Amino acid sequence: MKFSKNASALAILLCAQIYSTHAAPVFKAVSAGDMTENSAILWTQVDNGGVSAPLTLQISTDSTFATGVNSFNTNTVINNGSTAKTQITSLNANTQYFYRYSSAGVTSDTGSFYTTPNISQSVPFKIGFTGDYDAKYRPYSALANFGTSLNPGSTGLKAFINLGDLLYETTATGSYKVDPLTPNSSAAVVDAATAGYYRKYTEGISGVDANGLMTNTGNQGMRSMLASIGVYSLLDNHELNGALISGGAAQTSLKENLDLSQSINTTGSFINQTDAFRMMNKTFFDTHATAVQINGSATTSYSFTNLLDPSNPTVNAPADSRTNGTAQNFFTRSWGRAATYIQLDDRSYRDARMGTDEVSLAAQVANDPARTMLGTTQLDWLKSQLLAAKNSSTWTVISVSTPIDQWDPNDNKSWYAGYNYERNNLMKYIADNKIEHVVFLTTDDHMNRVTQF
């Protein structure tokens, strides 16, 4: 086909106009997570006008990137919330690294993280932790200027623990609620709701203006904290929605159950197998620097990846249908001789929540030996990790999103009032095996308290 001179000029003009109106990519945030002694997961989210952004990732021990730079090519995945994840390996233990992304002449914030010490090193375990990022609390003043001298309490940390509720499904100023879902929501309904969850996570990362509306230039959300330190991130109830908060419950259960037959799931079907639960997991993993990755959609089906362990993308527990084939976000990290860090997942496998504020059935079921929060596979794994930690480190630090202390006897979501047999079983195991210096980090109650057992 031939073009006339005028037609060619018109085509060039149209292309120039299209190119000139395409906005430059906007980096929403950068983050590093799931650090080991020789690897980390690096993450970013980019607004590139609805299309995938080709990225160059640089990493170095030099904060100016003048020396020792390694570069990697990657790209954002639109169906994963316009995010990109890269596993970086062959790193040195107990070392600070710096990283940044670039695309189309735009460079991201510079991020930083530490690899964990190896088992022979004696390094202080200095971490920060929090949870419950309700949008109504923005701006998160404690996170402003995180990692700088303007926020002195946040300097010198080697890791940060995001203890769940990194999204709130509810309405707040400048942030409307997500679409409600049930375990029986259709694939089409689940896919239609997905964008709302990505939006909520992005709002938590971004700043807010004087009216509480999202802006990249306002007061701080999570952005500065995520860039300044490597993170480990947990799932809790607000990332989920309604009955989905109890992943090990029967698919017929409700958020609050008065039917005693729901207290122990013997049906063989579980909420964690539903499209709605997997979508909520997917948006959580997509928007945080975790090794777990869930691809696809409810209408096309979901597939699982674990960047740290590609040969085992999901939990392999054929004898435990509650747990087998689920995304694994429970793991252990050694912090040299000082500490062993153990992360739990207390949402994906728990039996249904019982009772309401008016009529509590929790007391009737909390001490039932068959009732579980962690699931058999994870509980057995936890005990083995505790025993190993006894002989390898001074302290054992366990992060779990649900409070484990004896606090409110009517709080039916807690271990004490809802799943007390399993709690006591775990405490007895620690005592019987004389495992000392065990610390549980939890949030969820929106207060500061310390309980010594």
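At least 2 residues being touching a Phe, Trp or Tyr at 6+ places or on another chain (Cβ under 9 Å), open to solvent by less than 20 Å² (accessible area, probe 1.4 Å) and modelled with pLDDT of 95 or more is the threshold, and among the strands (runs of 3 or more DSSP E) wholly inside segment 43-159 those reaching it are 54-60, 83-88, 96-103, 111-114.
In this structure, Gln452 qualifies as among the polar types (S, T, N, Q), free of Cβ contacts under 8 Å to residues at least 24 places away in the same chain and surrounded by fewer than 16 Cβ atoms within 10 Å (Cβ to Cβ).
This table checks each residue for (1) within 21 Å of Ile245 (Cα to Cα); (2) in contact with a Phe, Trp or Tyr (Cβ under 9 Å, 6 or more places away or on another chain); (3) at pLDDT 90 or above.
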residue	(1), (2), (3)
Met354	yes, no, yes
Asp357	yes, no, no
Leu361	yes, no, no
Asp368	yes, yes, yes
Leu374	yes, yes, yes
Ser414	yes, yes, yes
Asn425	no, no, yes
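Scanning segment 327-381 for residues that are part of a strand (DSSP E or B), within 19 Å of the chain's Cα centre (by Cα) and of a type in the set (Phe, Trp, Tyr), we see that the one that is nearest to Leu307 (Cα to Cα) is Phe331. Ser206 meets each of the listed conditions (1) of a type in the set (Ser, Thr, Tyr); (2) in contact with a helix residue (DSSP H, G or I) (Cβ under 7 Å, 6 or more places away or on another chain); (3) open to solvent by 10 Å² or more (accessible area, probe 1.4 Å) apart from (3).
Every listed requirement among (1) farther than 30 Å from Ser120 by Cβ; (2) modelled with pLDDT of 95 or more is met by Lys434 save one, (1). Here the condition is being more than 28 Å from Thr116 (Cα to Cα) and in a helix (DSSP H, G or I); of Ala249, Ala188, it holds for Ala188 alone. One residue alone among Ser303, Ser321 is free of Cβ contacts under 8 Å to residues at least 40 places away in the same chain, farther than 28 Å from Val439 by Cα and either of a type in the set (Phe, Trp, Tyr) or open to solvent by 10 Å² or more (accessible area, probe 1.4 Å) (or both), and that residue is Ser303.
The values are calculated or read from the model by the stated rules, or taken from the named source; none is laboratory data. Predicted model, so just to flag it, every value in this text is computed and none were measured. All Cβ positions, glycine included, derive from the backbone under ideal geometry; neighbour counts span all protein chains shown. The accessibility values were calculated without ligands, DNA or RNA, using every heavy atom of the protein model including side chains. Shrake-Rupley method; radii C 1.70, N 1.55, O 1.52, S 1.80 Å.
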